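A short worksheet on the structure shown next.
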């Protein structure tokens, strides 16, 4: 999953060592809990070598799991997940979202009616514990064995939307559709596999299934990326300790970052 994830290329990775890339195959699951353990291990090893690790990315749920710890939630139950997937195939995810709204209104307000992965997890937690997901969230995990300092880029919205469109078009030119074809041929994947629910991959999958046209695939992927960016910006604003930088002024942003971390 190189193109659709904007993975750093071989030349960049040769110049600057990267960690936590290519850890699992696309047909495997990877959780925020696994990420936290892997990230702490990698950061500790880098610090022991006398280097300063940089965490770079935009998936704020994973960042939150690292800096604030993990909620006290049960491990995944594959049998229950298969049962939920089967129900979704019969009734549709909006119907399961309506069920979630009855048992956990707070979680349903945060989860969109077509967000299959999060609906599945919320229903799974309820069926395992008998308690709403929202009631179990908020339990902090163990403190980190090191200090973190964070900064975020807050772009102007219209510029962000244009960049998202240009970025997805670049992915198409680089061969995103063929990448998904190769993944489908090599791994045991379905539309319900977490990796194929990712923005961009989900829309290309629908195109390859013949459900939508290539033009519709492009429009839906760009719209979904904008929605994702909006959610990530909401996450960013919730972290009051982050230094906020303007990406339109890289020189000023770099200077602000330098002074804030002194």
Of all the residues that make up the stretch 207-262, how many are assigned to a loop (DSSP other than H, G, I, E, B), in contact with a strand residue (DSSP E or B) (Cβ under 9 Å, 6 or more places away or on another chain) and surrounded by 14 or more Cβ atoms within 10 Å (Cβ to Cβ)? 3
Give all pairs with beta carbons closer than 6 Å in which a residue from the stretch 47-67 that is closer than 15 Å to residue 153 by Cα meets a residue that is modelled with pLDDT under 95; count only pairs at least 6 apart in sequence or on separate chains. 58/232; 60/232; 60/235
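Just checking, does the stretch 1-11 include any residue being outside the structural domain of residue 244 (by TED's automatic domain parsing), part of a helix (DSSP H, G or I) and over 22 Å from the mean Cα position of the chain (by Cα)? Lay out the reasoning, then the answer.
Step one: filter the stretch 1-11 for residues outside the structural domain of residue 244 (by TED's automatic domain parsing), giving 1-11.
Cutting the leftovers down to part of a helix (DSSP H, G or I) gives us 10-11.
From the residues that got through so far, the ones that are over 22 Å from the mean Cα position of the chain (by Cα) too are 10-11.
Within the stretch 1-11, one or more residues are outside the structural domain of residue 244 (by TED's automatic domain parsing), part of a helix (DSSP H, G or I) and over 22 Å from the mean Cα position of the chain (by Cα).
The values are calculated or read from the model by the stated rules, or taken from the named source; none is laboratory data. Model, not experiment: these values are computed from the prediction. With ideal geometry, Cβ positions are generated from the backbone for all residues, glycine too; neighbour counts draw on all protein chains shown.
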